[in-house]
Amino acid sequence: MKRLFSSLIIFTMFSMFFSSGDRNVAASTGEDPRFEAIHITDTTATLEWDPIDGAVSYSLQLNGTALFDFTPNKFRHDVTGLNPNLAQTAILFYKDADGGTFQLEEYEFTTEPLIIAPPANLRVLNVTTNSAEIHWVGHPYAIEYYISVDGVYAGRAESSPYLMNDLTANTTYNVEVVASNLLQNSPAAEIEFTTGSSWPDASVVNLRAEAVTATTATLVWNEIPTATEYHLSDGEDFEQSVTAVTYGLTGLSPNTSYTFSLIASNSIESSSEYTYTFTTAPATPAAPTGLTATAGDAKVSLAWNSVTGAGSYNVKRSTTLGGSYTTIAANIAATTYTDTTAANGTTYYYVVNAVNPGL
């Protein structure tokens with residue numbers, strides 16, 4: 001009996017010790033109220049809990065900082081501005097109708113690791129023949145940025161922009177920019193651009209052929225200020241470099257199409273090709289020989305020898321030796337012609353010209 005009595009006294013005192021005074025830890029009922037973090041990202045989370053029997057208001061603390069004071073009927077709270085990949089400690093407090101304050105067991109969760117997004121709004125500005133500026137919007141967790149050009153590492157920058165120098169004119173470049181926090185790199189943001197040309201357009205150069213004959217022509221073009229030499233070619237057996245802005249061509253074939261190219265250059269670079277196509281004049285036929293005239297009644301019959309390469313003949317007449325001559329028949333295919341407009345008793349002088357085919 002004494003031993004039983006002693007045990008009873010001890011149990012009663014133990015129970016009184018935990019039930020006296022202000023409570024700051026929720027009494028165990030066999031199952032703790034639900035209190036958890038959901039929708040966790042690298043910088044945000046939602047803390048949520050079920051209503052607790054006897055609780056009239058709640059207050060929430062995260063990492064030692066109160067998120068809100070005691071508020072009734074509040075069972076969730078969205079948290080922002082967290083640091084990635086770090087442990088977070090949340091404590092939920094509540095009060096009962098008597099004003100007693102209670103605390104649930106601490107709840108710990110860890111934010112997701114940081115996922116660095118590629119640099120935003122990547123663009124190329126101030127493009128010249130040999131330089132360009134790469135601009136982007138910085139990532140809040142990035143410490144530096146790595147730049148690659150055409151798949152090759154080109155340099156780094158702590159912030160936008162990145163200046164590219166020593167580029168080649170009229171050339172396309174592919175640029176990638178990666179954000180880094182020194183522990184993790186983002187996927188690459190990518191852009192492509194083409195440098196300007198230091199050489200003028202073909203319309204400005206205006207390569208052309210002047211004074212074209214059956215066998216000669218003169219190539220002419222406008223001066224290019226950055227050029228120190230011009231290279232001419234027909235793409236076959238003609239190559240010539242000059243410093244002037246004209247060049248005389250000889251030995252051409254009559255009625256033939258020619259295409260010549262011009263490339264301007266200096267000690268650093270060369271232009272693309274400027275081209276021009278022209279056709280030489282047909283060869284001039286020889287004068288017909290054996291011209292004879294036979295007078296008749298109000299008519300004159302003409303005859304002459306055929307000319308090799310002639311397509312037709314023109315007949316001209318004058319009443320004065322040496323001119324001026326008036327064409328009385330054109331494009332005659334035969335080698336004879338009868339002038340039926342001649343007047344009896346009048347002296348006439350005739351000239352026959354051979355004409356190239358198609359003219």
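The values are calculated or read from the model by the stated rules, or taken from the named source; none is laboratory data. Just so it is clear, the structure is predicted and the values come from calculations on it, not from any experiment. FYI the Cβ positions are ideal-geometry reconstructions off the backbone, even for glycines, and counts take in every protein chain you see. Side chains included, ligands, DNA and RNA excluded: accessible areas come from the protein's heavy atoms. Shrake-Rupley method; radii C 1.70, N 1.55, O 1.52, S 1.80 Å.
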remark   = Between the modelled labels at residue 108 and residue 305 (7 Å from Cα along Cα→Cβ) the distance in nm is 12.1 nm
task = Run the 1.4 Å probe and let me know the accessible area of residue 39, rounded to the nearest 10 Å².
result = 130 Å²
remark   = Computed over the Cα atoms of the stretch 129-225, the Rg and Dmax in Å are 22.2, 76
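Relative contact order of the stretch 266-346: what whole-number percent is it, with Cα pairs under 8 angstrom and at least 6 residues apart? Write down the numbers at each step before the final one.
On the way: 98 pairs, mean separation 22.4, N = 81.
28 percent.
Taking 8 Å as the Cα distance limit and 6 or more residues as the minimum spacing, I'd like the relative contact order of the chain as a percentage. Don't skip to the answer; put the middle values down first.
Working: 760 pairs, mean separation 30.3, N = 359.
Once divided by the residue count of the chain, the mean separation gives 8 percent.
Tell me, what is the FRET efficiency for residue 242 and residue 131 to the nearest 0.05, using R0 = 25 angstrom and their Cβ-Cβ distance as r? Please list the in-between numbers first.
Values: r = 32 Å, r/R0 = 1.27.
Computed FRET efficiency for residue 242 and residue 131 comes out at 0.20.
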inquiry  = Between the stretch 52-109 and the stretch 178-240, how far is it from one alpha carbon centroid to the other, in angstrom?
reply    = 71 Å
query = Over the chain, what per residue volume does the convex hull of the Cα atoms give, in whole Å³?
reply = 304 Å³
request  = Could you tell me what percent of the accessible area of the chain is made up of carbon and sulfur, with a 1.4 Å probe and every protein chain present?
outcome  = 51 percent
Eligible aspartates and glutamates near residue 316 by straight Cα distance, threshold 12 Å, same-chain separation 8 or greater = 339
key: 16 Å reach of a label modelled at residue 297, 7 Å along Cα-to-Cβ, counting backbone N of the stretch 334-359   = 340-345
Average accessible area per residue (Å²) across the chain - probe 1.4 Å, nucleic acids and ligands excluded = 59 Å²
query = Sorted by average packing, counted as other Cβ atoms within 10 angstrom per residue and highest first, what order do 256-265, 195-204 take?
reply = 256-265, 195-204
query = What's the FRET efficiency of residue 270 with residue 329 using the Cβ-Cβ distance as r and R₀ = 45 Å, to the nearest 0.05?
reply = 0.20
request  = Return the aspartates and glutamates within reach of residue 95: Cα separation strictly under 16 angstrom, same-chain partners fewer than 8 residues apart disregarded; answer none if there are no such residues.
outcome  = 22, 50, 53, 69, 105
remark   = Helix 2-19: inclination vs the chain longest Cα principal axis, degrees, rounded to 10, gives 40 degrees
